[in-house]
1. Sum -39500 (n - 2.57) across every DSSP H segment of at least 4 residues in the chain, then divide by the residue count to get the 222 nm mean residue ellipticity, nearest 500.
2. Of the candidates 371, 272, 168, which one comes out as most mobile in a Gaussian network treatment of the chain with C-alpha springs shorter than 10 Å?
3. Which of rounded, prolate or oblate describes the chain when judged by the alpha-carbon gyration tensor and an a/c cut-off of 1.5?
4. Fully extended, how many nm does the chain gain between residue 291 and residue 3 (0.36 nm per residue separation, minus their Cα-Cα distance)?
5. If packing is taken as the mean number of other Cβ atoms within 10 Å per residue, what is the order of 220-227, 256-263, highest first?
6. Please find the FRET efficiency linking residue 334 to residue 13, where r is the Cβ-Cβ separation and R0 is fixed at 41 Å, and quote it to the nearest 0.05.
7. Over the chain, what is the relative contact order in percent, taking alpha-carbon pairs closer than 8 angstrom and at least six residues apart?
8. At a Förster radius of 41 Å, what calculated FRET efficiency corresponds to the Cβ-Cβ distance of residue 364 and residue 87, to the nearest 0.05?
């Protein structure tokens, strides 16, 4: 029997700050001399001039290809062909989590290096050595794992401040799950996404992300609403991106992300951000754990105040959608899912019961604390 190991994975370099994108070329040049930029037309319209200028200053060619909505198998294979046609030696993804995941997967297949340049702080995907692959309709297909993390992760906090605030809020939803899942995975001594048991460092980073979010979220959201960069915004971006990224990969995933993956099987949720669905998974995980009432109340209050969903109503489902909830639960509990890192067995029936319970649970807590009643807002996304 192989002796268990403990391990941590991380990107080779992380860069964060106001106007950091104007220095992208400086940090890419030591990694490769023939970069291929992956960025959709909307993002490129916002950052193209700054990226091109920084590349030209670093004597790098500027060659860009577009990207669609999801990191699908076809999109990844298409990028491999474009990498090979361009004879690129580094692929630079500028944009959201799906573009970044597609670039990581295609860079791995093409045998070149890869760089993550998130333009929003909406997920912790940029730092990791894995990609989440979806169908054309947005349903989760698989995780793809790579032998190394990005060579560079660069995030411009002014771009984050300029972006719609809902992306920053989504990042909070994704990152809050990190500590909840890492502590559950640690209790069960489960293997993490890094390929070994969690280290003290991985667990500490996951918990630090949770702490920084609670200390800075409201001030950071206010700054983003004004389009300005403050220390609180810098702290939240680091928690959402770096700390959560290192924490989930080297601390462990459990029920929250498995339930997110299950929710992608429900077409009603396809308009939601990743972090919104993950937040439903986090609350459902707390119910599955039989977490103390005070902890659940705090979670519902905090996530309501920052603008995250914690009821079925807010994600387009109801307690009467038995078939849909069953489909979600079955997808969340397939043999390969991370829900089996929980420190006790979890069945599809358990997940259906927990999902059903969060509607009344959250409504009761919100009413007692004078918080707004849930509203259906899936159509906005």
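1. Working: 14 runs with 193 residues, N = 381.
So the helix-based figure for the chain works out to -16500 deg cm²/dmol.
2. 371
3. Values: a/c = 1.68, a/b = 1.46, b/c = 1.15.
Prolate is the answer for the chain, as a/c is 1.5 or above and a/b outweighs b/c.
4. Numbers: separation 288, 0.36 × 288 = 103.68 nm, distance 3.25 nm.
Fully extending the segment from residue 291 to residue 3 adds 100.4 nm.
5. Working: 220-227: 18.6, 256-263: 29.6.
Sorting 220-227, 256-263 by mean packing, highest first, produces 256-263, 220-227.
6. Details: r = 36 Å, r/R0 = 0.87.
Efficiency, from the Cβ-Cβ distance: 0.70.
7. With pairs under 8 Å counted, the relative contact order is 16 percent.
8. Working: r = 61 Å, r/R0 = 1.48.
My answer for the efficiency is 0.10.
Since every read-out is calculated from the coordinates, none of them should be taken as a lab result. Since this is a predicted model, take the numbers as computed values, not measurements. Neighbour counts run over all protein chains shown; Cβ positions are idealised from the backbone, glycine included.
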